[in-house]
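Everything below concerns the one structure shown next.
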Amino acid sequence: DPLSPRARVNLGAQLYSARQYDEAIPHLQKALELDPNFWAAHWRLGDCYAQKGMTEEAIAELQSAVKLSSGNPATLVSLGYTFAKSGQRAEALKVLDELKALSLQRYVSPANLAAVYSGLGETDLAMESLEQALEMRSRSVVWLKVWPQYDNLRADPRFTDLLKRIGLPE
């Protein structure tokens with residue numbers, strides 16, 4: 001449905017996972033034209049901008065997503081990851097602390113923390129968090145194969161082993 005913001009975001013998310021950011025962006029922008037307050041559109045658009053190195057735009061979209069979603073953990077993860085990848089370590093650590101505090105009130109997958117650790121270049125902490133996520137049977141691990149936030153972990157043999165144990169083909 002071309003007039004459904006949710007359909008646009010779903011398509012944009014699939015293109016994002018396929019690393020087709022330039023193709024995803026127009027669908028996400030159209031979703032925001034249809035519904036400017038749809039937090040998921042801001043979230044995925046911010047993710048695409050972050051992967052393209054459009055840091056200012058990414059942070060603005062992700063901050064909107066965090067606000068509109070009332071702090072949905074997925075939006076915080078993307079914001080923390082983007083801060084980390086853009087060299088804003090202190091801001092990334094603040095978001096990481098916020099996610100840890102949130103996890104005391106509601107479920108936050110350790111795989112989410114791993115994405116921020118990945119952006120910070122903290123491979124050991126990222127892998128520890130992913131192991132915890134697997135032990136907890138977090139559904140977030142199904143995205144390890146495709147989410148760009150884990151790209152810098154892919155060369156690590158522990159990550160490859162983890163994917164095999166989950167049952168995700170190479």
- Can you tell me the order of 64-73, 136-145 when each peptide is scored by its average per-residue count of other Cβ atoms within 10 angstrom, highest first? 64-73, 136-145
- Item | Top of GLN105, GLN29, GLN51 by mean-square fluctuation, Gaussian network on the chain, Cα under 10 Å | GLN105
- Message: Between GLN88 and GLU128, how high is the FRET efficiency from 1/(1 + (r/R0)^6) when r is the Cβ-Cβ distance and R₀ = 22 Å? Nearest 0.05.
- Response: 0.45
- Mean separation of Cα contacts under 8 Å, 6 or more apart, over the residue count of the chain: relative contact order %: 14 percent
- Pair ASP1, GLU57: separation of 7 Å Cα→Cβ label points (nm): 2.8 nm
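Output the peptides 122-131, 154-163 sorted from most to least packed, where packing is the average of other Cβ atoms within 10 Å over each peptide's residues. Before the final figure, lay out the partial values.
Values: 122-131: 18.7, 154-163: 13.8.
Highest to lowest by the protection proxy: 122-131, 154-163.
Which entries in LYS52/LYS145; LYS30/LYS52; LYS52/LYS100; LYS94/LYS164; LYS30/LYS94; LYS67/LYS94 show an alpha-carbon gap greater than 21 Å?
Working: LYS52/LYS145 19 Å; LYS30/LYS52 19 Å; LYS52/LYS100 28 Å; LYS94/LYS164 33 Å; LYS30/LYS94 32 Å; LYS67/LYS94 16 Å.
Long pairs (Cα-Cα over 21 Å): LYS52/LYS100; LYS94/LYS164; LYS30/LYS94.
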- Message: Can you give me the distance in nm between label points at LYS145 and GLU33, each placed 7 Å from the Cα along the Cα-to-Cβ direction?
- Response: 3.5 nm
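Normalised radius of gyration for region 34-169, please: alpha carbon Rg relative to 2.2 N^0.38 Å, two decimal places.
Numbers: Rg = 14.3 Å, N = 136, 2.2 N^0.38 = 14.2 Å.
That ratio works out to 1.00.
How much length, in nm to one decimal, is gained on full extension between LYS100 and GLU23, taken as 0.36 nm per residue of separation minus their Cα-Cα distance?
Values: separation 77, 0.36 × 77 = 27.72 nm, distance 3.39 nm.
Once the chain is fully extended between LYS100 and GLU23, it gains 24.3 nm.
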- Query: Ignoring any ligand, DNA or RNA, what whole percent of the accessible area of region 24-148 comes from carbon and sulfur when the probe is 1.4 angstrom?
  - Reply: 49 percent
- Task: Mind running the shape call on region 85-125? Use the C-alpha gyration tensor, a ≥ b ≥ c as the square roots of the eigenvalues: rounded below 1.5 for a/c, prolate if a/b tops b/c, oblate otherwise.
- Result: oblate
- Query: Roughly speaking, what is the stretch gain from ILE166 to GLU135, that is 0.36 nm per residue apart minus the C-alpha to C-alpha distance, in nm to one decimal?
  - Reply: 10.1 nm
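The values are calculated or read from the model by the stated rules, or taken from the named source; none is laboratory data. Since this is a predicted model, take the numbers as computed values, not measurements. All Cβ positions, even for glycine, are placed from backbone atoms using ideal geometry, and neighbour counts span all protein chains on display. In case anyone asks, the SASA skips ligands and DNA or RNA and just uses the protein heavy atoms, side chains included. Shrake-Rupley method; radii C 1.70, N 1.55, O 1.52, S 1.80 Å.
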